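To keep things clear, I will list the structure first and then write my remarks on it.
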Amino acid sequence: MSKKTEQFIKLLVERGMDAALVTKPENMRYLTGFTGEGAVYLSEGENIILTDFRYTEQAGRQAGKFKCLRVTQTDESIPNLVRELFGERQVLGIEMNCMTVADFRLLEHALPGRDFGDISGLSEGMRAIKDEREAELIATAGRIACEAFDRLLGCIGPGMTEREVQRTLDNLMLECGSEEPAFHTIACSGINGSLPHAIPGDYRLKKGELLTLDFGAQVEGYKSDMTRTVAIGPVSKELTRIYETVLKAQLRALDIIKPGAVCSDVDKEARSFIDTLYPGAFGHGLGHSVGLEIHEKPVFTPRCDTVLQPGHVMTVEPGIYIPGLGGCRIEDMVILTDSGYHNLISAPKELIIL
Ligand SMILES: [Mn+2]
């Protein structure tokens, strides 16, 4: 039992469910600390990890307070054990946003005549507000990424391929203490900069072009996310203007972030500014929450009506993308406090010319 599982079960019961089978890896980790494969079965008075031989010792180390029951690596093993645990109860909560149809069919078969409730988003809702430990881990992941970026600037230049830049940055993050990259690092240069999620390739950095780097570190599963765009030698007036526009839009959005602000208003602040100068060139959301997953809720989009609260971790990442010319994105990650926010990304934002 933990405070988190107690809270989870309270929410579960409020929704009219008797027990839950949590199978989304990030939610299992959040609720119990266990990072192996399997499932977590939760009901009042019962918090049980279901896993196979490969992870039973690990479960003891990571989640010693939880009971662990061993299953086999067959598809029916977890459903059959859930049938025993569930007994005469009626409504089982499952994560419909995560469980495969095949696994659901097996569960249905093992529990004839019972009802299934959807607990998609239940753990995720709890995860949206970070506690002190989580905030510290994310802040550390942010510092590691910034340190790696600072060191990267001393070792890149014209002639290097995007992939070499990506690999160098990933290695630097590992050296600085990251468990692994938080996601596939983006390094895109020249006209590839107009692809928000470009895949780094054999394109070589050239003088007069921008290089966008979107990357993050990870500490105990918690991720950071940041983007910086730098210039390889002096760049044209047009590219400089694009950069300055993105930066101003980002600063405007940061300026209105505080508890009580509505997510869609923050998005609008940056979007309307960019749209007056570069209509349609900023086509994705302004930001998202970060934690055990790189993209969590809430989000800064035109439709998200969530009100910001202390403990929310949000990215702020406007961009301008112009096919055939290139692009630019600048991204910080902030944590909301009682009165405002702390920016967890300290890397400079004036245009760096390498
Ligand atoms: Mn991001």
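The values are calculated or read from the model by the stated rules, or taken from the named source; none is laboratory data. What you are looking at is a predicted structure, and each value in this text was computed from that prediction instead of being measured. All Cβ positions, glycine included, derive from the backbone under ideal geometry; neighbour counts span all protein chains shown.
Residues CYS188, CYS146: which one is assigned by TED's automatic domain parsing to the domain that holds MET333, assigned to a helix (DSSP H, G or I) and either within 16 Å of the ligand (Cβ to nearest atom) or aromatic (Phe, Trp, Tyr) (or both)?
Result: CYS146 is the single residue among CYS188, CYS146 that is assigned by TED's automatic domain parsing to the domain that holds MET333, assigned to a helix (DSSP H, G or I) and either within 16 Å of the ligand (Cβ to nearest atom) or aromatic (Phe, Trp, Tyr) (or both).
Across segment 214-229, what is the total count of residues that are within 12 Å of the ligand (Cβ to nearest atom), of a type outside the set (D, E, K, R), in contact with a Lys or Arg (Cβ under 7 Å, 6 or more places away or on another chain) and in a strand (DSSP E or B)?
1
When the residues of segment 249-304 are narrowed to those that are of a type in the set (S, T, N, Q) and in contact (Cβ under 8 Å) with a residue 24 or more places away in the chain, which ends up farthest from SER224 (Cα to Cα)?
The extreme case among them is SER264.
Could you look through segment 302-319, keep only residues that are touching a Ser or Thr at 6+ places or on another chain (Cβ under 7 Å) and within 16 Å of the ligand (Cβ to nearest atom), and pick out the one that is nearest to TYR203 (Cα to Cα)?
GLU317
Away from the ligand (no atom under 16 Å from the Cβ), farther than 30 Å from LYS24 by Cα and not in a loop (DSSP other than H, G, I, E, B), is that true of GLU269?
yes
Condition (residue is at pLDDT 95 or above, part of a loop (DSSP other than H, G, I, E, B), within 16 Å of the ligand (Cβ to nearest atom) and among the charged types (D, E, K, R)) applied to segment 343-351: is it met by at least one residue?
Yes - at least one qualifying residue is present in segment 343-351.
What is the residue count in segment 25-49 for residues that are in a loop (DSSP other than H, G, I, E, B), touching a residue at least 40 places away in the same chain (Cβ under 8 Å) and surrounded by fewer than 20 Cβ atoms within 10 Å (Cβ to Cβ)?
Adding up the residues that qualify gives 1.
What tally of residues in segment 306-342 results from selecting those that are buried (at least 16 other Cβ atoms within 10 Å of the Cβ) and not in a loop (DSSP other than H, G, I, E, B)?
Matching residues across segment 306-342 total 19.
Any residue at all in segment 126-142 that is of a type in the set (S, T, N, Q) and either under 29 Å from GLY208 (Cα atoms) or in contact with an Asp or Glu (Cβ under 7 Å, 6 or more places away or on another chain) (or both)?
Within segment 126-142 (the criterion being of a type in the set (S, T, N, Q) and either under 29 Å from GLY208 (Cα atoms) or in contact with an Asp or Glu (Cβ under 7 Å, 6 or more places away or on another chain) (or both)), the answer is no, since none of the residues qualifies.
Taking the condition more than 22 Å from the chain's Cα centre (by Cα) and assigned to a helix (DSSP H, G or I), does ASP275 pass?
Against the criterion (more than 22 Å from the chain's Cα centre (by Cα) and assigned to a helix (DSSP H, G or I)), ASP275 qualifies.
Is it true that some residue in segment 232-245 is over 23 Å from SER339 (Cβ atoms), within 15 Å of the ligand (Cβ to nearest atom) and among the aliphatic types (A, V, I, L, M)?
no
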